[in-house]
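Report on one structure; see the data block that follows.
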């Protein structure tokens, strides 16, 4: 699942994935029969110490310290997400964590820990963007916000071609203008401090969808 993790981390990640698939999100878990929920929770909770019974209304995360480094731990998943932000303050955001919003935050947290791209779908106002910016701020990530419309082209995402005419000589010069997405994807840092957010991905043309799937395919070498 993630080459940077050791075998124990991979085992934990796999168990969490299986648990989430079998039980579904919180709003759907409540619709399942109680005995089925209880059976699945017992099976997988022992594997990764899941605690799905945290009190809603409170932040589903806690801040811990390991050495001199802060990390974010989920009350549900218990996995570690190291932070570049050394001034983490969970109670300073004036957010109320409804069941749906808390579950949304946990899904985003899991995707960051396992470095798994995800697609969020839902009606306006449920807190998708708020959750993204909330977790990004907690762990010190810069959000690169890219809005996709029906007219968005591949060049708009990666390299824009600019044609200029020099005043002195009258010569035509062709330049490639690197976009923020291109710079982020081409970053050579071992731990880039960026989170890429695509808004309106359902508006993508076939060409844009093709390039996005190529970029985020495992072991992609597009750049």
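Every read-out reported here was derived from the displayed coordinates using simple, explicitly stated rules and does not represent laboratory data. Small disclaimer: the values here were computed from a predicted structure and weren't measured. Glycine gets a Cβ as well: all are built from the backbone with ideal geometry, and neighbour counts include every protein chain shown.
For the reader, a short list of remarks on this structure follows.
- Normalised contact order of segment 90-223, rounded percent, pairs of Cα under 8 Å and 6 or more residues apart: 24 percent
- Packing-based exposure ordering (other Cβ within 10 Å, fewest first) of 178, 142: 178, 142
- DSSP-defined beta bridges in segment 82-223 - what % are antiparallel, rounded to 5: 55 percent
- DSSP beta bridges confined to segment 141-223 are antiparallel in about 55 percent of cases.
- Virtual spin-label span in nm between residue 107 and residue 186, 7 Å along Cα→Cβ: 3.4 nm
- Taking the convex hull of the alpha carbon positions in segment 141-223 and averaging its projected area over all directions gives 7.2 nm².
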